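S.K.: One structure coming up, written as structure tokens, with questions to follow.
Nothing in this text is a laboratory measurement; each read-out follows from the coordinates by a stated rule. Model, not experiment: these values are computed from the prediction. FYI the Cβ positions are ideal-geometry reconstructions off the backbone, even for glycines, and counts take in every protein chain you see.
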Amino acid sequence: MNKTLLKNGIIVNADGKQKKDILLENGKISTIGDVKDFGNDVKIINCADRLIFPGMIDAHTHIGIPIKAGNSADDFESGSKSALNGGVTTIIDFTVLDKDQSLNESVLERQRLAEKSVIDVSMHCNITRFDKNILNEIPEIIKMGITSFKVFTTYKEAGMMLTYNEIEEVAKIITDNGGLLMVHAEDNDVIEKSSFPLIQRKLNEPKYHAIARPAESEEVAVEKIANIAERTECDFYLVHLNTANGLGIAKQSNKLFIETCPQYLLLDDSVYERADGQMYVASPPLRKKEDCEALWQGVMDGSIDVIATDHCPFMLKDKPPGIPFQDIPNGMGGVETLFPIMLAQFLKRGADLSRLVQLISTNPAKIFNLYPQKGKIAVGSDADLVVVNPEDITENWMDKLISKIDWNAYIGFPAIFPNEVFHKGK
Ligand code: URP
Ligand code: ZN
Ligand code: ZN
């Protein structure tokens, strides 16, 4: 049976809500309206009192990336299955550029790994090395359809950092070829100045991770990137923005898209004092309650464009207590809980659900060239749909997770898991 009819649901798009039937045919949305003429060969699902959202897009995942301690805990099969369970039907992941590899090779290698995914996967192209060959390849990569690149203003010790001058060179080429440049914005000099004295004094518990990478590191980096954006007219996208001051600077520029993540909205640096504090170590670190509040303000007033997860999970065994903060594998999971947790937060706060759709579906689809195939419930769009009963809100949702990861940052937060998730009609 190739057809499914979702009857009497409330469609939530970025521009409002409407009660309509949706007919799914051959992986696409074929009709929206009062569907009466649908033939026999149709599976009918009663969606009365259900909200129906476009498939969510997690624009920032790191599935199974190599770091010095091993690989992050998912592969594309397990990671994508858990994403789908939580309502995410597209992820945008990052290539990993090995020493001596070309950009093209890094893209092909990651695309091959992503073939195991059960949902759609797009790629951002990481530029973690600066040389003539890499610069020459950028136009080719854009022609291949990969238009978003990412650079880091830190991780010098891991050999991934580009200087601000190098970033400016990359930005000029990307502007000339119609791409977008994503930036992990933490200033490396500020981090070195803050972290060396801590390491020398052997102050190495998890809470020092946040002190070693202070809010000032984001402010300095964002200011410099905003200036580069102004000079080069390149479109930039700041990943995982996490401080009030960083947001204050970034939102003054009209060349910067801004992403934040659930962890920076919902968790603050007090978690580093917990017995499992090491599990919350990620870069950038969690900040102060005031920063969370400022980010919420940005989410609601439109200055933040995207909520994505920076999904980079590790198992409990990968991050045992007691290891110095500088040796703890960086990252947390989140792709499976992105939508369930954020939907519950929006409902609790009485916020407009169309705004949620903008942040986790429509805006990433538009910014990363997936719209209107993705990011919208419309005739002709992919039949990627998330059906939800808003009454299903609960704080006891751990048994709904299918991820193989044995630790979750959001235990105790309310969540609403979907009743049904369709990816290309299935
Ligand atoms: O700690 C994190 N976020 N790890 C993933 C890599 C990155 O910086 O986004
Ligand atoms: Zn990052
Ligand atoms: Zn990341």
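S.K.: Would you kindly compute the Cα radius of gyration of segment 145-300 and its largest Cα-Cα separation (Dmax), both in Å?
M.R.: Just the Cα atoms of segment 145-300 yield Rg and Dmax of 15.8, 50 Å.
S.K.: A further question follows. How do Ile22, Ile393 line up, fewest other C-beta atoms within 10 Å first?
M.R.: Ile393, Ile22
S.K.: Still on this structure, I have one more. Stokes-Einstein at 25 °C, 0.890 mPa s, Kirkwood radius from Cα pairs: D for segment 240-292 in µm² s⁻¹?
M.R.: Roughly 208 µm²/s, to the nearest whole number.
S.K.: Within a Cβ distance under 13 Å of Glu192, other residues only, what is the Lys/Arg minus Asp/Glu net charge?
M.R.: Computed value for this residue: -2.
S.K.: I've got another one for you. Please compute P(r) over all alpha-carbon pairs of segment 1-47, binned at 5 Å starting from zero, and give each bin as a whole-number percent.
M.R.: 5, 23, 32, 24, 11, 4, 1
S.K.: Using the Cβ atoms and a cut-off under 9 Å, what net charge is assigned to the surroundings of Val88, where Lys and Arg are +1 and Asp and Glu are -1?
M.R.: Charge balance near Val88 sits at -2.
S.K.: Starting from 0 in steps of 20 Å, tell me what percent of the Cα-Cα pairs of the chain lands in each bin.
M.R.: Per 20 Å bin, starting at zero, the Cα-Cα P(r) for the chain comes out as 27, 58, 14, 0 percent.
S.K.: What per residue convex hull volume, in Å³, do the alpha-carbon atoms of segment 10-126 yield?
M.R.: 142 Å³
S.K.: So, one more: Just subtract the alpha-carbon distance of Leu113 and Ile402 from 0.36 nm times their residue separation and send over the number in nm, one decimal.
M.R.: Length difference between fully extended and current span is 102.0 nm.
S.K.: Once both axes come from the Cα atoms, what is the angle between helix 338-348 and the longest principal axis of the chain, in degrees from 0 to 90, rounded to 10?
M.R.: Between helix and principal axis, roughly 80 degrees.
S.K.: Turning to a different aspect of this structure: Provide the packing ranking of 230-243, 191-204, i.e. peptides ordered by the mean count of other C-beta atoms within 10 Å per residue, highest first.
M.R.: Final packing ranking: 230-243, 191-204.
S.K.: For helix 188-200, what angle does its Cα long axis make with the longest principal axis of the chain, in degrees from 0 to 90 and rounded to 10?
M.R.: That helix lies at roughly 70 degrees to the long axis.
S.K.: Taking 37 °C and 0.692 mPa s as the conditions, I'd like the Stokes-Einstein D for segment 202-251 in µm²/s, using the Kirkwood hydrodynamic radius from alpha carbon pairs.
M.R.: Diffusion coefficient, whole number: 271 µm²/s.
S.K.: Ala294: net charge of surrounding residues, Cβ under 14 Å, Lys/Arg +1, Asp/Glu -1, itself excluded?
M.R.: -3
S.K.: How would you rank 95-107, 209-221, highest first, on the average number of other Cβ atoms within 10 Å across their residues?
M.R.: Packing proxy ranking, top to bottom: 209-221, 95-107.
S.K.: Turning to a different aspect of this structure: Rounded to the nearest 10 degrees, what's the angle between the helix 76-85 long axis and the longest principal axis of the chain, both from Cα atoms, 0 to 90?
M.R.: Tilt of helix 76-85: around 50 degrees.
S.K.: What list do you get for Arg355, Arg287, Arg112 if you sort them by fewest beta carbons within 10 Å?
M.R.: Final ranking by Cβ density, sparse to dense: Arg112, Arg355, Arg287.
S.K.: Which order do the peptides 174-187, 124-137, 156-169 take when ranked by the mean count of other beta-carbon atoms within 10 Å per residue, highest first?
M.R.: 174-187, 124-137, 156-169
S.K.: As an exercise, take the mean of 1/r over every pair of distinct alpha carbons in segment 268-318, invert it, and state the Kirkwood radius in angstroms.
M.R.: After inverting the mean inverse Cα-Cα distance, the result is 12.7 Å.
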